[in-house]
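Every read-out reported here was derived from the displayed coordinates using simple, explicitly stated rules and does not represent laboratory data. Note that the coordinates shown come from a computational prediction; the quantities given were computed from them, not determined experimentally. Cβ placement follows ideal geometry from the backbone for every residue including glycine, while neighbour counts extend to all protein chains displayed.
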């Protein structure tokens with residue numbers, strides 16, 4: 001597609017539930033990034049994919065968070081046993097190779113109640 | 001230690017005036033890139049300008065210019081002739097290339113409000 005698409009745009013879930021957030025990057029972009037942005041803060045790095053593999057997952061806060069990119073395009077961020085502290089905007093960005101510019105999606109606003 | 005520091009939580013500017021948003025960075029890499037992004041209230045991150053560490057001239061993109069002072073490790077964004085639509089959060093980011101991991105790190109942002 002023309003831009004990075006993230007779905008859903010908004011997600012409200014109950015504490016303890018499982019959620020999946022989807023990112024559809026620009027076609028042909030091999031690098032894909034997930035960030036989390038809390039209110040009043042800058043984006044915080046979570047995980048970086050180069051192709052199908054997670055090149056760096058050092059930003060994932062704990063083992064409740066997991067992300068996949070099985071075919072090297074669409075990525076899914078999965079959060080198990082959600083907690084209220086997981087409430088944030090989750091941003092996805094893609095890049096042609098990782099050394100050029102980054103295009104962000106509009107984000108998914110996750111609210112855990 | 002913070003890799004990107006934006007010391008101005010909020011800035012105000014009169015329409016048509018110029019404004020400078022500060023950014024300092026910390027890296028031991030020789031090769032790195034510096035970015036500025038704009039985030040309006042809609043939430044999308046919009047790329048504004050890029051400066052490579054080896055670029056000798058300051059980057060410019062329309063009304064945006066980046067005042068790159070390598071020795072001071074600063075990369076301030078200058079917006080000339082501010083417009084009401086410039087009101088937004090502005091984030092400075094750095095991408096280091098050490099270890100082959102190209103991951104941009106963002107600052108906490110500066111909120112810019114443009115007054116008519």
Problem set entry | Where the Cα pairs of the range A:1-80 fall when distances are cut into 10 Å bins, in % | 17, 51, 29, 3
For this session: Using packing as a proxy for protection, rank B:8-18, A:60-70 so that the peptide with the highest average count of other Cβ atoms within 10 Å comes first.
Result: A:60-70, B:8-18
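State the volume of the convex hull built on the alpha-carbon positions of the range B:21-116, expressed per residue in Å³ and rounded to an integer.
Working: hull volume 9.4 nm³, N = 96.
Cα convex hull per residue, to the nearest whole number: 98 Å³.
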For this session: Specify the inter-centroid distance of the range A:48-62 and the range B:1-29, based on alpha-carbon positions, in whole Å.
Result: 29
For this session: From zero up to wherever the largest Cα-Cα distance of the range B:1-73 sits, split into 5 Å bins and tell me the percent of pairs in each.
Result: 3, 12, 22, 26, 21, 10, 5, 1
For this session: Springs between alpha-carbon atoms under 10 Å, Gaussian network over chain A: tell me which of A:31, A:55, A:88 tops the mean-square fluctuations.
Result: A:55
Exercise. Taking each residue of A:50-63 in turn, how many C-beta atoms of other protein chains fall within 10 Å of its C-beta, and what is the average?
Worked result: 1
For this session: For chain A, calculate the relative contact order in percent as a whole number, restricting contacts to Cα pairs under 8 Å that are 6 or more residues apart.
Result: 37
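Per residue and in cubic angstrom, what volume does the convex hull of the Cα atoms of the range A:41-113 have? The partial results should precede the final answer.
Working: hull volume 7.6 nm³, N = 73.
Cα-based convex hull of the range A:41-113, divided per residue, equals 104 Å³.
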For this session: Once you've got the GNM for chain A with C-alpha springs shorter than 10 Å, pick whichever of A:74, A:89, A:99 has the biggest mean-square fluctuation.
Result: A:99
Problem set entry | Percent of Cα pairs exceeding the 25 Å cut-off, where the set is the protein assembly as shown | 41
